[in-house]
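Undergrad: Quick one: the structure is below, questions incoming.
Bear in mind these aren't lab numbers, they're just calculated from the coordinates by the rules spelled out. Every value quoted in this text rests on a predicted model; they were computed, and no experiment measured them. Because the Cβ atoms are built from the backbone with ideal geometry, glycine has one as well, and the counts that use them run over all protein chains shown.
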Amino acid sequence: MAAKSPDSVLLATIGKPKGVRGQVWAYAHTADPKSVLAYGPLFCDRLGKKIAVRGFEVKGAQIVLALDGIADRTAVEALRGANLYAERSQLPALPDDQFYVLDLLGCAAMAAGKKIGEVVEIYNHGAGDVIDIKLTADGEIISLPFHRDFFGAVDLIARSVEVFMPEFLEASTE
């Protein structure tokens, strides 16, 4: 089986079946859930190969998909939790003042001009992006919502992101 490339970008996660004819509910990890359909066949980590994807309806961040070769509820159940990826090169270019959240991976986390750690993970369970930072001081990992209350300027050239540490966590960074 093929493996996903290091430049793969997670677009959707397969959820529960919809009906008995192989349709699936999927959670889109994109700003516009319909954009999952714009990339052609997507790599399915559970199948280890690319699979053609067609869409049927959008409900919030969820989209009902039909996947080629998946024709019944049992086949969908076997894919529950599988991720669908596109290649980074397939993503549209962004204006200079915008970035993809995944661009923050590996960036230095800076608080008050001092490096406190590094961005090691980004995830979203439906309520918004969460950024994991591995602290330089003790290797502890803290999770912060990617929100302007916790994050400021992003400098992709310098590979850094400004972090506003909550008071209860400030002692962890010293």
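Undergrad: Only Lys, Arg, Asp and Glu count, each charged at its Cβ (+1, +1, -1, -1), so figure out the dipole size of the chain about its Cα centre, rounded to 20 debye.
TA: 1140 debye
Undergrad: Show me, for segment 33-49, the HN-Hα J-couplings you get by feeding each phi into the Karplus relation (A = 6.51, B = -1.76, C = 1.60, θ = phi - 60°), rounded to Hz, glycine and proline as x.
TA: For segment 33-49, the Karplus curve yields x, 5, 5, 3, 7, 7, 9, x, x, 10, 7, 9, 5, 6, 8, x, 7 Hz.
Undergrad: Hey, can you grab everything whose amide H is under 5 Å from the amide H of Glu57? Only 5+ residues off in sequence or another chain; H modelled, so Pro and N-termini drop out.
TA: Sorted by chain and number, the residues that satisfy this are Val64.
Undergrad: Can you give me the long-range amide H partners of Ser160? Hydrogens built in the peptide plane at 1.01 Å from N, cutoff under 5 Å, separation of 5 or more residues or another chain.
TA: Sorted by chain and number, the residues that satisfy this are Ala108, Asp155.
Undergrad: Which shape class, rounded, prolate or oblate, goes with segment 101-173 when its Cα gyration tensor gives a ≥ b ≥ c as root eigenvalues, a/c under 1.5 marks rounded, and past that a/b bigger than b/c marks prolate? The partial results should precede the final answer.
TA: Numbers: a/c = 1.40, a/b = 1.14, b/c = 1.24.
Rounded, because the longest to shortest axis ratio a/c is under 1.5.
Undergrad: Quick one: which residues, 5+ away or cross-chain, put their amide H under 5 Å from the amide H of Lys18? H built at 1.01 Å from N.
TA: Gln23, Val24, Trp25
Undergrad: I've got another one for you. Can you list the HN-Hα couplings for segment 130-140, worked out from phi with the Karplus curve (6.51, -1.76, 1.60; θ = phi - 60°), rounded to whole Hz and with x for Gly and Pro?
TA: 10, 10, 9, 10, 8, 6, 5, 4, 9, x, 5
Undergrad: Sticking with this structure for a sec: Working out 0.36 nm times the residue gap between Ala61 and Asp97, then minus their Cα-Cα distance, what length gain in nm do you get to one decimal? Could the numbers behind the result be given before it?
TA: On the way: separation 36, 0.36 × 36 = 12.96 nm, distance 2.47 nm.
Difference between extended and current length: 10.5 nm.
Undergrad: Short version: ³J(HN,Hα) in whole Hz for each residue of segment 141-156, in order, from phi by Karplus 6.51 cos²θ - 1.76 cosθ + 1.60 (θ = phi - 60°), x for Gly and Pro, what are they?
TA: 3J(HN,Hα) across segment 141-156, in whole Hz: 9, 10, 10, 10, x, 7, 9, 4, 5, 10, 10, x, 5, 10, 10, 6.
Undergrad: Right, here's the next one. Say a paramagnetic label sat at a point 7 Å from the Cα of Glu162, along Cα to Cβ; which residues of segment 87-102 have their backbone N under 17 Å from it?
TA: Only 97-99 pass the distance filter.
Undergrad: Still on this model: Return a single number: how many Lys pairs in the chain, at a sequence separation of 8 or more or on separate chains, have alpha-carbon atoms below 29 angstrom apart.
TA: For the chain, qualifying lysine pairs total 22.
Undergrad: Ranking request for peptides 130-142, 17-29, 95-107: highest mean number of other beta-carbon atoms within 10 Å first, then the rest in descending order.
TA: Working: 130-142: 15.6, 17-29: 19.1, 95-107: 12.9.
Listed from highest to lowest mean packing, they are 17-29, 130-142, 95-107.
Undergrad: When a/c is below 1.5 the answer is rounded, else prolate if a/b is larger than b/c, else oblate, so apply that to segment 1-137 with a ≥ b ≥ c taken from the square roots of the Cα gyration tensor eigenvalues. The partial results should precede the final answer.
TA: Numbers: a/c = 2.15, a/b = 2.08, b/c = 1.03.
Note, shape of segment 1-137 comes out prolate.
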